[in-house]
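These notes concern the structure reproduced below.
The values are calculated or read from the model by the stated rules, or taken from the named source; none is laboratory data. The structure presented is a predicted model; accordingly, all values stated were derived computationally and were not measured. Cβ: placed from backbone, ideal geometry, glycine included. Neighbour counts: every protein chain shown. Surface accessibility is based on the protein's heavy atoms, side chains included, excluding ligands, DNA and RNA. Shrake-Rupley method; radii C 1.70, N 1.55, O 1.52, S 1.80 Å.
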Amino acid sequence: MESVATAGGRPWLRGGDAVLAAGLVMVAVQLVWKAGLVNRTYFRQDDFMFLARGLENGFTWDYLMRVDYGHLMPGAFAIHWALGRLGGHNDVLAHVLTLGLQAAAGLALLRLLRVLFGPRPAILVPLGFALVTPMTISGLSWWAVVAETLPFQIALPMALASHVLCVRTGRLRHAVAAAAWTALGMVFFVKAPFIPILAFVLTVGWLGGARRLLRVWALYLAVLVPYAVLFLHQLLTTVQLTRQTSPISLPSAEVAAKSVWTLLTGSLIPTSLGGPWRWQPIGEDYALAATPAPLMWASLAVAVAAVAVSVRLRRRAWLAWATLLGYFLLADVAPIMLGRIELLGPDLSGYELRYLSSTAVVVAIVIGLAFLPVAGEPRPWLRPAGPLRLAWAPLAAVVAVSSVWSVAAYADRPLGRNVKSYVETAEAALALVPAGTVVLDTYVPEKVAFPLFFYDYARHSKVVDPAARHHVTWTRRLAGPMTVPRMFDARGRLRPLRLTGTTIPAGTACRQVGGTEVRFPIPDPPAGGEQVVQISYLNGEATTLEVRMGLARTSVPAGANLGITYATLDGGAPELALRTVGGGTTCVGEIRVGVPAADETAAAVPPQPVER
């Protein structure tokens, strides 16, 4: 390629510079492309739990070193801690961080490819794969996954590049840099301990001189061993939301085999070739791979052919593919097998691409090792490529087009729009109601956070008011006198609360209740479960009412004058019994028994949902 001179006549665009410039342009273009998808995402599911935990806790060892279902990620927890204090649900800041980390990951991989293979144009192929593969897209749309995996996708190529420089120059400072990058990766992601293993395989297979690097391996062990000890200790002692420590159990051989096969043939291989082409929505803001069976088998055939061609032409290509398979089994599959497979099942876990999102970097490196000579490698080829020399071009074009198609198919859904509307509407409602308003602390809709997984962190107080900035009174059980308690409707607005159930009419006059139990037949008795009793009363002075329904009973205060008090009981019965406790009488009017719901006929706050 002809060089282009600067004003001073010095050539700057040589072959290597042209490759670097092309790589930088590719990284920039993919950022613009992915920004459209990232900007449409919002926080989802455990994002709300992590942000709430960050606001609840100080920047302490216990907070940072918590193992969340097998994930030790103090770096990600530190980001959640800071993000919560920089605006709570600040999705704009999260998007900026996401794109910044994505840019750094692309630049880190470009550096590794240049160091490992030299500045040859062919390195743009594995770089392009990593930039467009749909393998990373579902993870890129989930903030918790971004904060955990993207720093690892930066640390891995940076550590390997430093290691390659250490082997070639013998300078220990490069080994120190590699160990530091590995340690940084460990701060964010549990797969980072595999970086030195990849470095060892790379050294033995392509760089040589493994025996001369005893000091380097000792340095890596000095990083790995303390991490392993710390991880195991925290794994076995951290109490999860289930009030138990992290479960470690192995699935049956049948379940394990099905999970491995599904993750390999339904996720890893198809997405490496531009798939999955079709997605299975999980709610409105996420999706699993749903590779059609014919395309799955076609992908498998193409993968086998590509491996066979590379092994026939390229020396030690078999080791590159064996490295990928080993990484897949140890780093991707093994953690799922040690607990999550029992919860998710082989089908759900097998098509969950976030388990593979960070593997895209390893696949890109393996593609390079399987088809490109390492810089300075003697006798890299087993035989001339012949007519196969340009066969990669149409395959790369098909993979690129398929990747764009698959990403566009993933983006063809609301993504975070509806969850953002709900959360921001609820936040606006809390800001608009008067201070002291009683709000029933129910669970948010499942599209926001699954109560089955997140327990109390799926309640409104944790999701939309984790910093307790709004001066409302949250309650989980209606008990005692209240003036117009409110609850959230399906759009995130606050409405007055009403009971859906049955009513015991007041009659022509209220009924006196004293120390002797008075029974009220319930016209349509509830079958069971938690029931709320709403009692209208008129008191000369404050008293206490004992409320009984079947075997369930509770006592609630009833204030002076005219008012309404609430009692919550578990169970159902054909009649309701009331009496006063500690003397005094009260005159009871209308009684309602039922389940709380937002009154859709009453005015909502705000009148219209916040739309984005």
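Observations, loosely collected:
- Flag for R495 being basic (K, R) and open to solvent by 30 Å² or more (accessible area, probe 1.4 Å): no
- Residue check, A147 open to solvent by 30 Å² or more (accessible area, probe 1.4 Å), part of a helix (DSSP H, G or I), out of contact with any Cys (no Cβ under 6 Å at 6 or more places or on another chain) and of a type in the set (G, A, S): no
- Among the residues listed as T41, T60, the single one being under 21 Å from F152 (Cβ atoms), among the polar types (S, T, N, Q) and open to solvent by 10 Å² or more (accessible area, probe 1.4 Å): T41
- Subset of region 576-600 that is of a type outside the set (V, I, T) and modelled with pLDDT under 90 - its residue that is most open to solvent (accessible area, probe 1.4 Å): G582
- Residues that are assigned to a helix (DSSP H, G or I) and either touching a strand residue (DSSP E or B) at 6+ places or on another chain (Cβ under 9 Å) or surrounded by 17 or more Cβ atoms within 10 Å (Cβ to Cβ) (or both), drawn from region 79-98: I79, H80, W81, L83, G84, D91, A94, H95, L97, T98
- Members of region 435-454 found to be under 19 Å from V419 (Cβ atoms), in contact (Cβ under 8 Å) with a residue 12 or more places away in the chain and open to solvent by 20 Å² or more (accessible area, probe 1.4 Å), listed by number: T442, Y443, P445, E446, K447, F450, F453, F454
- Checked against (1) assigned to a loop (DSSP other than H, G, I, E, B); (2) open to solvent by less than 40 Å² (accessible area, probe 1.4 Å), P384 passes all but a single condition, namely (2).
- Any hit, region 155-162, residues being among the aliphatic types (A, V, I, L, M), in contact with an Asp or Glu (Cβ under 9 Å, 6 or more places away or on another chain) and closer than 29 Å to V32 by Cβ: no
- If the condition is being surrounded by 16 or more Cβ atoms within 10 Å (Cβ to Cβ) and either under 18 Å from the mean Cα position of the chain (by Cα) or part of a loop (DSSP other than H, G, I, E, B) (or both), then region 460-471 contributes K462, V463, V464, D465, P466, H470.
- Filter result for M158 (crowded, with 24+ Cβ neighbours inside 10 Å, hydrophobic (A, V, I, L, M, F, W, C) and more than 21 Å from Y355 (Cα to Cα)): yes
- Residue within region 472-482 that is in contact (Cβ under 8 Å) with a residue 24 or more places away in the chain, out of contact with any Cys (no Cβ under 6 Å at 6 or more places or on another chain), farther than 30 Å from A573 by Cβ and outside any strand (DSSP E or B) present: yes
- Among (1) under 12 Å from Q102 (Cα atoms); (2) touching a His at 6+ places or on another chain (Cβ under 8 Å); (3) of a type outside the set (A, V, I, L, M, F, W, C), the one test that S162 misses: (1)
- Only one entry of A76, A104 meets the criterion of being crowded, with 20+ Cβ neighbours inside 10 Å and of a type outside the set (S, T, N, Q), and that entry is A76.
- Of all residues in region 526-556, those being among the charged types (D, E, K, R) and in a loop (DSSP other than H, G, I, E, B) number 1.
- Contact map, region 503-515: residues that are outside any strand (DSSP E or B) paired with residues that are open to solvent by less than 50 Å² (accessible area, probe 1.4 Å) and not hydrophobic (A, V, I, L, M, F, W, C), Cβ distance under 6 Å, separation 6+ or inter-chain. Pairs shown: A506/G589; C510/G589; G514/T580; G515/T580.
Quick grid of which residues meet (1) closer than 23 Å to V361 by Cβ; (2) within 34 Å of the chain's Cα centre (by Cα); (3) surrounded by fewer than 18 Cβ atoms within 10 Å (Cβ to Cβ); (4) not basic (K, R):
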| site | (1), (2), (3), (4) |
| --- | --- |
| A192 | yes, yes, no, yes |
| I197 | yes, yes, yes, yes |
| L202 | yes, yes, no, yes |
| G208 | no, no, yes, yes |
| R211 | no, no, yes, no |
| R215 | no, no, yes, no |
| Y220 | yes, yes, no, yes |
| P226 | no, yes, yes, yes |
| V229 | no, yes, yes, yes |
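- Subset of region 503-533 (residues that are in contact with an Asp or Glu (Cβ under 9 Å, 6 or more places away or on another chain) and open to solvent by less than 20 Å² (accessible area, probe 1.4 Å)): I504, F520, I522, Q531
- Boolean, G550 is small (G, A, S), crowded, with 16+ Cβ neighbours inside 10 Å and modelled with pLDDT under 90: yes
- Here A409 fits the description: touching a residue at least 24 places away in the same chain (Cβ under 8 Å), closer than 30 Å to L295 by Cα and either in contact with a helix residue (DSSP H, G or I) (Cβ under 6 Å, 6 or more places away or on another chain) or assigned to a helix (DSSP H, G or I) (or both).
- Within region 267-313, the set of residues being open to solvent by less than 50 Å² (accessible area, probe 1.4 Å) and among the polar types (S, T, N, Q) comprises S267, T271, S272, T291, S299, S310.
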